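Working notes, structure below.
The values are calculated or read from the model by the stated rules, or taken from the named source; none is laboratory data. This is a predicted model, so every value here is computed, not measured. Here the Cβ is made from the backbone with ideal geometry for all residues, glycine too, and neighbour counts use every protein chain on show.
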Amino acid sequence: MSLRPLPLEGAQLGFDREWLPAGEAAALFGELRAAVPWEVHRIRLFGREVDSPRLSCWIGDREAVYRYSGARFEPHPWPARLAELRGRLERELGTGFNSVLANLYRGGRDSMGWHSDDEPELGPAPVIASVSLGATRRFVLKHRRDPARRLALDLPPGSLLVMSGDTQRNYRHALPRTAKVVGERINLTFRCVGPGVWGASR
Ligand SMILES: O=C(O)CCC(=O)C(=O)O
Ligand SMILES: [Fe+2]
């Protein structure tokens, strides 16, 4: 693995654009597309509950419970290939992950709005490992107080982006929709959540 630091003041970002070889990334996309029980998650937007513009699945160890808008989501069990991938990330990054949020963006209209992964259960300086598969999409980060500090990054299939340190405290990130014709994309964000409430609007 060759994680290259990306320069963004007040953030800690490591990027490997070819973490998985192209063939492995394509095979993994196909397996997860078929094996993951994709769901429409409900999100709170301006005080209203709406369907999120993508499909998702919360996967993790039994204790990695996700509470959200009064509902409690038990994690789905790890598909074998995802359990393997978690082990590989843990060894390479030297940190533990007990859960992964899988997202499926069906096309350019699917997106994720501005947010930080800063729920208290993630701890003050979470390590979040983001693996991308399928279509390349643009990921953007923007400083909470200084809009001049921002970064746009294309995430190709097989790439790994690691956000750590003060990244969540200082920055929001998003996966904007695009008018371009793009194929399906799967993103996996590996996390370690503690007991209690997890989840916020996004
Ligand atoms: O799809 C992406 O690259 C970002 C996903 C994300 O920010 C999240 O799952 O919290
Ligand atoms: Fe996020």
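Tallying residues that are more than 13 Å from ligand 1 (Cβ to nearest atom) and aliphatic (A, V, I, L, M) within the stretch 128-150 yields 1. Set side by side, the residues Arg177, Arg145, Arg91 differ, and just one is under 23 Å from Val40 (Cα atoms) and either among the charged types (D, E, K, R) or in a loop (DSSP other than H, G, I, E, B) (or both), which is Arg177. Looking only at the stretch 142-172, residues that are among the aliphatic types (A, V, I, L, M), more than 13 Å from the chain's Cα centre (by Cα) and modelled with pLDDT of 95 or more come to 3 in all. For Glu49, which of the numbered conditions (1) assigned to a loop (DSSP other than H, G, I, E, B); (2) more than 20 Å from Leu155 (Cα to Cα) fails to hold? Looking at each condition in turn, Glu49 falls short on (1). Of all the residues that make up the stretch 136-165, how many are under 29 Å from Ala34 (Cα atoms), within 12 Å of ligand 2 (Cβ to nearest atom) and touching a residue at least 40 places away in the same chain (Cβ under 8 Å)? The qualifying residues number 2. Just to be sure before I move on: is Leu133 touching a residue at least 24 places away in the same chain (Cβ under 8 Å), outside any loop (DSSP other than H, G, I, E, B) and in contact with a helix residue (DSSP H, G or I) (Cβ under 7 Å, 6 or more places away or on another chain) in the structure I sent? When the stated conditions are applied, Leu133 passes them.
Among the residues of the stretch 152-172, those that are part of a loop (DSSP other than H, G, I, E, B) and more than 10 Å from ligand 1 (Cβ to nearest atom) comprise Pro156, Pro157, Gly158, Gly165, Asp166.
In the stretch 173-195 there is at least one residue that is under 21 Å from Leu3 (Cβ atoms), surrounded by fewer than 20 Cβ atoms within 10 Å (Cβ to Cβ), within 13 Å of ligand 1 (Cβ to nearest atom) and not hydrophobic (A, V, I, L, M, F, W, C). When you check Ser2 against the structure, is it in contact with a strand residue (DSSP E or B) (Cβ under 8 Å, 6 or more places away or on another chain) and closer than 18 Å to His115 by Cα, yes or no? It is false that Ser2 is in contact with a strand residue (DSSP E or B) (Cβ under 8 Å, 6 or more places away or on another chain) and closer than 18 Å to His115 by Cα.
Filtered by the rule that a residue be within 13 Å of ligand 2 (Cβ to nearest atom) and either in a strand (DSSP E or B) or more than 17 Å from Leu13 (Cβ to Cβ) (or both), the stretch 108-130 gives Ser111, Met112, Gly113, Trp114, His115, Glu119, Ile128, Ala129, Ser130.
Mind checking which residues of the stretch 15-46 are part of a strand (DSSP E or B) and within 24 Å of Glu74 (Cβ to Cβ)? Correct list: Glu39, Arg42, Ile43, Arg44.
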